[in-house]
Amino acid sequence: MESRYPKGIERLLWKAGIQNVDALRNHGAKASYLKLRNIKRDLSVKVLLALEGALAGRHLAALPPCLRNELMEWHRRHA
């Protein structure tokens, strides 16, 4: 998997059964984040944003503000 996130997240994805980009796409950022949270409870919203950024092919800081806000709200509800 081409890395767009820190090595620790890559290892967590592997442990969660998300072992390639296709699996990440199939699950989507939110479901993947929840799988990671089952393994490590203290993940920040940045991980969710990084997953979405990886799917979009851009850095998390370059996500459109409306998408970023929606993900941050989702994170607040599910944190």
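One residue alone among ARG58, ARG76, ARG11 is surrounded by fewer than 14 Cβ atoms within 10 Å (Cβ to Cβ) and assigned to a loop (DSSP other than H, G, I, E, B), and that residue is ARG58.
Of all residues in the range 34-51, exactly one satisfies the criterion of being open to solvent by less than 40 Å² (accessible area, probe 1.4 Å) and either in contact with a Cys (Cβ under 9 Å, 6 or more places away or on another chain) or not hydrophobic (A, V, I, L, M, F, W, C) (or both), namely ARG37. When the range 34-72 is filtered for residues that are charged (D, E, K, R) and farther than 17 Å from LYS15 by Cα, the ones remaining, listed by number, are LYS46, GLU52, ARG58, ARG68, GLU70.
Scanning the range 17-48 for residues that are in contact with a helix residue (DSSP H, G or I) (Cβ under 9 Å, 6 or more places away or on another chain), in a loop (DSSP other than H, G, I, E, B) and within 22 Å of ARG76 (Cα to Cα) yields LYS40, LEU43, SER44. In the range 14-33, what count of residues is obtained for those that are closer than 16 Å to LEU55 by Cα, modelled with pLDDT of 95 or more and open to solvent by less than 80 Å² (accessible area, probe 1.4 Å)? Looking only at that region, the number is 10.
The values are calculated or read from the model by the stated rules, or taken from the named source; none is laboratory data. Keep in mind it's a predicted model, so treat the numbers as computed, not measured. Cβ atoms come from the backbone with ideal geometry, glycine included; neighbour counts cover every protein chain shown. Side chains are part of the model used for accessible areas, which takes the heavy atoms of the whole protein and leaves out ligands, DNA and RNA. Shrake-Rupley method; radii C 1.70, N 1.55, O 1.52, S 1.80 Å.
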